[in-house]
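Taking it in order: structure first as structure tokens, then the write-up.
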Amino acid sequence: MNIIMLGAQGTGKGTVAGILSEQLGIPQISTGDIFRKNIKEETELGKKANEYITKGQLVPDEITVPMVSKRLSEDDAKNGAILDGFPRTIAQAEKLDEILAESGNKIDLVVNLTTPRDEIIERILTRRVCSNQACKTTYNLIMNPPKKEGICDKCGSELVQREDDKSEEAIRQRLAIYDEQTSPLVEYYEKRGVLKTEEVSSRTNHLGTDVAKEVIDYIKEK
Ligand code: ADP
Ligand code: ZN
């Protein structure tokens, strides 16, 4: 089963993807995480990607698409994957269709998360992530704080703030790219009948964990 997590930054894609991955037994493939890992390890790919990421721009398809294609061909993804952060443009979505078709696969479900824009900015500014690459659990200082300040509940590693989460201006830039280049994917997948839209908001007390449960139930019913 191949699932795409769609939605703007800060809507909880990573949180929902992590739960779905655990429950369905298929890997979560997050392009942002793969880039950050490569940047940390100072690989060639990381160096190239960093030039764009620090400017708040999308990494070019020549780098991103082969990276995803390679990841999808790995053994643990043979029964599918939860894609988080890819595709981000119509061009990437078309490439993904081609990649999956080569192995006789397709996108089965697209979970589209929506959150009011002012809440999104608040959520990103108060987001903290576990610095342990193997864990990467996401917390929120207000909605979902760790039990011990600055420390991951799951693995005890230090919690950090992502560089691109530190300024409101950088966040607005990423949201503008989302509106312009990624949001057309909602219609792209809606037309195909695979889209499931869910609002995530602390105002209605409907959070990522609730959405994950609903999606699992939905998949079981199908
Ligand atoms: P966010 O969704 O909060 O921007 P991500 O962790 O998904 O964060 O991605 C971090 C950065 O990595 C993005 O701002 C972008 O520069 C780059 N990136 C991630 N996924 C893609 C993609 N599919 N295509 C191009 N660039 C990407
Ligand atoms: Zn951790």
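Of the residues making up the range 116-160, those that are under 19 Å from the mean Cα position of the chain (by Cα), basic (Lys, Arg) and more than 8 Å from ligand 2 (Cβ to nearest atom) number 4. Remark: Leu207 falls outside the filter, which requires a residue to be within 18 Å of the chain's Cα centre (by Cα) and within 17 Å of Leu83 (Cβ to Cβ).
A search for C-beta distances below 8 Å between a residue of the range 155-183 that is over 20 Å from Asn140 (Cα atoms) and any residue that is of a type outside the set (Phe, Trp, Tyr) and within 16 Å of ligand 2 (Cβ to nearest atom), counting only pairs 6+ apart in sequence or on different chains, returns nothing.
Quick grid of which residues meet (1) crowded, with 17+ Cβ neighbours inside 10 Å; (2) assigned to a strand (DSSP E or B):
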site: Val110; (1), (2): yes, yes
site: Asn132; (1), (2): no, no
site: Lys136; (1), (2): yes, no
site: Cys155; (1), (2): no, no
site: Ile171; (1), (2): yes, no
site: Gln181; (1), (2): no, no
site: Glu187; (1), (2): no, no
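To keep it simple, each residue is scored yes or no on (1) within 15 Å of Ile19 (Cβ to Cβ); (2) touching a helix residue (DSSP H, G or I) at 6+ places or on another chain (Cβ under 9 Å); (3) small (Gly, Ala, Ser).
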residue: Tyr139; (1), (2), (3): yes, no, no
residue: Gly150; (1), (2), (3): no, no, yes
residue: Arg162; (1), (2), (3): no, yes, no
residue: Asp165; (1), (2), (3): no, yes, no
residue: Glu168; (1), (2), (3): no, yes, no
residue: Ile171; (1), (2), (3): no, yes, no
residue: Asp179; (1), (2), (3): no, no, no
residue: Tyr188; (1), (2), (3): no, yes, no
residue: Tyr218; (1), (2), (3): yes, no, no
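Being of a type in the set (S, T, N, Q), outside any helix (DSSP H, G or I) and more than 16 Å from ligand 2 (Cβ to nearest atom) is a description that applies to Asn79. When the range 30-52 is limited to residues that are out of contact with any Gly (no Cβ under 9 Å at 6 or more places or on another chain) and not in a helix (DSSP H, G or I), the one that is surrounded by the most Cβ atoms within 10 Å (Cβ to Cβ) turns out to be Thr43. Any residue in the range 89-104 that is crowded, with 18+ Cβ neighbours inside 10 Å, assigned to a helix (DSSP H, G or I), within 16 Å of ligand 2 (Cβ to nearest atom) and of a type in the set (D, E, K, R)? The answer is no; no qualifying residue exists.
Filtered by the rule that a residue be modelled with pLDDT under 95 and either aromatic (Phe, Trp, Tyr) or in a helix (DSSP H, G or I) (or both), the range 189-209 gives Gly208, Thr209.
Go through (1) assigned to a strand (DSSP E or B); (2) loosely packed, with under 13 Cβ neighbours inside 10 Å and name the single condition Lys55 misses. It is condition (1) that Lys55 fails.
Yes/no matrix, rows are residues, columns are (1) away from ligand 1 (no atom under 15 Å from the Cβ); (2) touching a Phe, Trp or Tyr at 6+ places or on another chain (Cβ under 6 Å); (3) among the charged types (D, E, K, R):
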residue: Met143; (1), (2), (3): yes, no, no
residue: Cys152; (1), (2), (3): yes, no, no
residue: Gly156; (1), (2), (3): yes, no, no
residue: Glu163; (1), (2), (3): no, no, yes
residue: Lys166; (1), (2), (3): no, no, yes
residue: Leu185; (1), (2), (3): no, no, no
residue: Gly193; (1), (2), (3): yes, no, no
residue: Lys196; (1), (2), (3): yes, no, yes
residue: Lys222; (1), (2), (3): yes, no, yes
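Counting the residues of the range 15-28 that are surrounded by fewer than 23 Cβ atoms within 10 Å (Cβ to Cβ) and either in a helix (DSSP H, G or I) or within 11 Å of ligand 1 (Cβ to nearest atom) (or both) gives 6. Gly80 passes every criterion in (1) surrounded by 15 or more Cβ atoms within 10 Å (Cβ to Cβ); (2) within 16 Å of ligand 1 (Cβ to nearest atom) apart from (2).
The values are calculated or read from the model by the stated rules, or taken from the named source; none is laboratory data. For clarity, every value in this text was computed on a predicted model and none was experimentally measured. For neighbour counting, all protein chains shown are included, and Cβ atoms are generated from backbone atoms with ideal geometry for every residue, glycine included.
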